[in-house]
Amino acid sequence: MKALQSVIRTPFMWVEGWLDWAFGPRWNPMYYLGGLGFFYFWIVAVSGLYVYVFFDTGLTEAYESVESLTHSQWYLGGVMRSLHRYASDALVVMMVLHIIREFAFDHYRGPRSFSWITGVPMTWLVIAAGVTGYWLVWDELGQYVAVRSSEWLDWLPIFGEPIARNFMHEGSLDDRFFTLLIFLHIAVPLILLLVMWIHLQRVSYAKWKPARGLALGTLAMLLVLSFVQPAVSHGPANLDRVPLLLDLDWYYLFAYPLVDEWGAGTVWMIAFVGTFALMLMPWLPPRRRRPAAVIDLDNCNGCTRCANDCPFSAITMVPRTDHQPFEQQAKVDPDLCVSCGICVGACPTAMPFRVSSDLVPGIDLPELTARQLRDKIHTLAEKLEGHSRVLIIGCKHGIQSRKLVGDNRVAIDLPCAGMLPPPYIDYVLSKDLADGVAVVGCRAGECQYRLGQEWSEDRFERRRDPNLRKRVPRERLARIWRAPVEWRRALADIEVFQQNLTRLADQSETAGVKLTKRKEPQS
Amino acid sequence: MKRAFRIIAQGVVYCAFAVLVGYFSAAPAYRLLDDGEAQIKLSFAYGGKPVGGCRDRSAAELEALAPNMRKAQVCSRERVPLAIEFELDDKMIYKNVLPPSGIHGDGPSRMYEKFVIGAGEHKVGLRLRTTVRDQGWDYITRRIVRVDAGDNLAIDFDPVAGGFVISGAKGGG
């Protein structure tokens, strides 16, 4: 499974790197696949409402009303119809890419399995919503979809009389059929909306909408497409005829030719097995859970930073249970904790300078405690010497640190770069354990734990507590956010950083000499 | 200059996405029937006659029943499976025995089949057995029908209308 993920992840990383350059990380569409899907859903909803106003439910009226809207009102109704179709198609593209990406980046296990599992029925709902839409037009394509859908459904032993008998010949269908369909075509998206809401329940700071620029760009793209290639109907449905050649919407109707080719039973089996396999994936194979973050009440002052920064809502603030003079204390839900350590990075008591008491922060990661981190830094720093000593703080999910260590460079890997409390950088530099610190983590949209890179940047830029103290010389801190496939570029970044550190050392020495010279006459 | 390149790159991405969405939204075309082909749909839902008749209950049987259940006669609920044969141009293309539906076998027998045929004139022969017997047929229909390419010939069964009902045919004898 890991090998398969790696094979799929690599092209994603290259493409995302290129899109980072073209759009910038804030607008990179690959970082908003779910959000873009949701955005398209709303375009479909709004355009659908407009089309619905002009839609007539009736055997001949349905087709005629859609035709009238498409041609006599091409500048608005036609565009709305086209937007309705193309945004629906784009939604499927986003949904499929979203599923593949979440799989490739291993974003579907543990607490994330909830989002994964609730996402699976959404695929069915999206397809069902689209398919019922094609029926409504009641053109040759709608006829094909109606007949084949009912034949496909009839294979299931749950219906009495075959539904497909409703489409035997002209005259076997009445207007009520469209009333039922319009109900389905509205009800299914409403259920989809509810499931989408549930889908996001266990994700903090979910990117449920794309950046404004990206949203406008993609909307403009759909509008241009709607004008250049308006969505049109086939000829009117006629059940006494079989449509010979159809321009299928392959995003929604891909299964229908398979039903024709392999039979309804085989396609049902593929669909059921596929759905079941998708549902089971978070446990295929089961993975050992790492110990969850733990609270030390003696050091927790209920500041809420860990709860605010947790990407998976695993930490909640609850009323104090001890006698400390604070209102709240943090509480970790081990079932939701992914052991990323971002909470430790947020804890103001993760202070390596502490000497009067043992280094035990209010929240800590048993796998790598704040104290163990400080001790490891000391051990590693002993190996460094000269003027360009660099301590690399890496991420276990990012570039392998063994590729970066070397000439006067040592590295320590954290579960996530976001686990690093900013005071540790201050500590390393002020204690002269290294000449520079390089924090090497995943790219903005590729953080294994979603928010590690973003929170780190915010802390270094003093936009988020706990922030990096002003006294820390920024030129001695390198922030390198790169994908594992870009390790050579990261290595080059670090080498440049080391050259700068050497230059700084030379400048300091020169300044020191001048200072000494200036001091000499006074003495 | 670099910014201009980036904007161009964004445009390329949007265009590529538009082409991807726009193309597969209505292409490639899918062909259901080849030129010169038509289709026959044969389908019906009909309950055959009951398998067994009715018999009188004995006094002991009636005594064993609750007072409100003491009906003098007991009748078989199970219906006979329908035997059907469909010939096209004197060639048997479908032959089946359709069991009744329902847990007790008292529901209608159902079928839905499609056949692709060539356009032109065809001799259609249909036979259906709906009663308990080994030989012979209760309903027989023979017709010559003409279909054009792309036609859908629907064959249903309606005993009130006299048996098999063929619709969608262009004519014939």
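A few notes on this one:
- Across the stretch B:16-138, C-alpha contacts under 8 Å between residues 6 or more apart give a mean separation that, scaled by the residue count, equals a relative contact order of 30 percent.
- Spatially, the stretch B:61-91 and the stretch B:142-170 are offset by 30 Å when compared through their Cα centroids.
- Normalised contact order of chain A, rounded percent, pairs of Cα under 8 Å and 6 or more residues apart: 13 percent
- Ranked order, A:T60, B:T131 - accessible area, probe 1.4 Å, largest first: A:T60, B:T131
- The stretch A:43-124 - Rg (one decimal) and Dmax (whole number), Cα, Å: 17.9, 54
- Here the stretch A:1-157 exposes an accessible surface that is 73 percent carbon and sulfur, computed with a 1.4 Å probe and the other protein chains kept in place.
- Distance from the stretch A:84-112 to the stretch A:247-261 (C-alpha centre basis), Å: 20 Å
- Measure of compaction for the protein assembly as shown (Cα Rg per 2.2 N^0.38 Å): 1.35
- Quotient of C-alpha Rg and 2.2 N^0.38 Å, computed over the stretch A:362-423: 1.14
- Once the 1.4 Å probe is applied to the protein heavy atoms, the protein assembly as shown comes out at 48 Å² accessible per residue.
- Accessible surface buried by the B/A pair amounts to about 3900 Å², both sides summed, 1.4 Å probe.
- When the Cα gyration tensor is reduced to axis lengths a ≥ b ≥ c, the ratio a/c is 1.5 or higher for chain B, and with a/b not above b/c it is classed as oblate.
- Global dimensions of the stretch A:384-523 from alpha-carbon coordinates: Rg and Dmax equal 16.5, 59 Å.
- Divided by 2.2 N^0.38 Å, where N counts the residues, the Cα radius of gyration of the stretch A:9-162 comes to 1.29.
- Restricted to Cα atoms, the stretch B:107-173 shows a radius of gyration and a Dmax of 13.3, 40 angstrom.
- Based on Cα atoms of the stretch A:97-251, Rg over Rh with Rh as the Kirkwood radius reads 1.04.
- Residue among B:D151, B:D56, B:D138 with the largest mean-square fluctuation in a Gaussian network model of chain B, springs linking Cα atoms under 10 Å: B:D56
- The ellipsoid equivalent to the alpha-carbon distribution of the stretch A:174-279 has semi-axes of 31, 24, 17 angstrom, derived from the gyration tensor eigenvalues as √(5λ) and listed largest first.
- Secondary-structure-derived ellipticity at 222 nm for chain A, considering helices only, amounts to -17000 deg cm²/dmol, per-run term -39500 (n - 2.57) for DSSP H runs with n ≥ 4.
- When only Cα pairs below 8 angstrom with a gap of at least 6 residues are kept, the stretch A:1-73 shows a relative contact order of 13 percent.
- Taken over the stretch B:7-98, the percentage of Cα pairs per 5 Å bin, counting from 0 up to the bin with the maximum distance, is 2, 8, 9, 8, 7, 7, 6, 6, 6, 7, 6, 5, 5, 5, 4, 3, 2, 2, 1, 0.
- Kirkwood Rh in Å, taken over all unlike Cα pairs in the stretch B:21-73: 18.2 Å
- With coordinates expressed along the principal axes, the C-alpha atoms belonging to the stretch A:236-371 extend over 89, 33, 26 Å, beginning with the largest.
- In the stretch B:88-114, burial by the other protein chains removes 30 Å² or more of 1.4 Å probe accessible surface, compared with the chain on its own, from B:R110, B:Y112, B:K114.
- For the stretch A:294-515, the orientation-averaged shadow of the C-alpha convex hull comes to 13.0 nm² (one quarter of the hull surface).
- The three principal axes of the Cα atoms in the stretch A:2-283 give end-to-end lengths of 56, 46, 32 Å, sorted in falling order.
- C-alpha center-to-center spacing [the stretch A:291-311, the stretch A:181-241] in angstrom: 40 Å
- Within the protein assembly as shown, percent of DSSP bridges classed antiparallel, to nearest 5: 75 percent
- Per residue, the convex hull spanned by the Cα atoms of the stretch A:102-141 amounts to 57 cubic angstrom.
The values are calculated or read from the model by the stated rules, or taken from the named source; none is laboratory data. As the structure is a computational prediction, the values presented were derived from the model and not from experiment. Keep in mind that these areas ignore ligands, DNA and RNA; they rest on the heavy atoms of the full protein, side chains included. Shrake-Rupley method; radii C 1.70, N 1.55, O 1.52, S 1.80 Å.
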